[in-house]
1. Which log10 I(q)/I(0) values, to two decimals, does the stretch 44-153 give at q = 0.16, 0.18, 0.22 Å⁻¹ under the Debye formula with one point per Cα?
2. Looking at the stretch 1-65, I'd like the Rg to Rh ratio, where Rg is from alpha-carbon atoms and Rh is Kirkwood's inverse mean 1/r.
3. Restricting the calculation to Cα positions, tell me the Rg (one decimal) and the Dmax (whole number) of the stretch 34-101 in Å.
4. Could you check the spin-label model distance between R31 and K144? Points 7 Å from the Cα along Cα→Cβ, value in nm.
5. Angle between the Cα long axis of helix 75-84 and the longest principal axis of the chain, 0 to 90 degrees, nearest 10?
6. Could you calculate the contour length gain from E107 to Q83, that is, 0.36 nm times the residue separation minus the distance between their Cα atoms, to one decimal place in nm?
7. Against the longest alpha carbon principal axis of the chain, how many degrees, from 0 to 90 and to the nearest 10, is the axis of helix 2-26 turned?
8. Roughly how many whole Å is it from the C-alpha centroid of the stretch 1-69 to that of the stretch 107-185?
Amino acid sequence: MSESVLKDAKSKMQKSLESLSRELATIRTGRANSNMLDRVTVDYYGAPTPVNQLAGISVPEARMLTVTPYDKGSVDDVLKAIQQADLGVNPTSDGTMIRITVPQLTEERRKEFVKDARKEGENAKVAVRNIRRDANDDLKRLEKDGELTEDDLRSYTEDVQQLTNDYIDQIDKMCDDKETDIMEV
């Protein structure tokens, strides 16, 4: 039973790490990246639909994205959704394709993005620590029910702490890498 508590905690911590990875991917760097449009949704026939399901997104140059809607009638809707997404870009359309030139980031804007990345990292750390707390509570309950000895409880609690430390280190590394990526000119 106690092994399943550890496996469960590890699985949840891994999901937190994957969630952080997705969140960090949407934070802009100085280069064009198709993940920039992950959060953009288009009102398509009355249903909010992600842009990447309505259009092909490619990166032909380091600072340019092209968005080619599969349905040519939705070009204006996609263009409007990108403009309203507050990405700091100015998309242009030629009727069939949308071009997005990613402007060079100012120092101030870079620092804002670094702050956003750190905030996401801190949220992930809080999630991992909450998972640790829940796992420790489960282990204490097992000890109280007589399924674990006090020594086993201490051992498993140390294992949970080590797991937590490992994931916190991975989160720090991901955030540091993203910060380096953002601050790179």
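1. -0.84, -0.96, -1.13
2. Rg/Rh: 1.20.
3. Answer for the stretch 34-101, Rg first and Dmax second: 10.6, 34 Å.
4. 5.2
5. For 75-84 against the chain, the angle is about 60 degrees.
6. Answer, rounded to one decimal: 6.4 nm.
7. Helix 2-26 sits at roughly 20 degrees to that axis.
8. Answer, in whole Å: 21.
Every read-out reported here was derived from the displayed coordinates using simple, explicitly stated rules and does not represent laboratory data. Every value quoted in this text rests on a predicted model; they were computed, and no experiment measured them. A quick note on method: Cβ atoms are made from the backbone with ideal geometry, for glycine too, and the neighbour counts reach across all protein chains shown.
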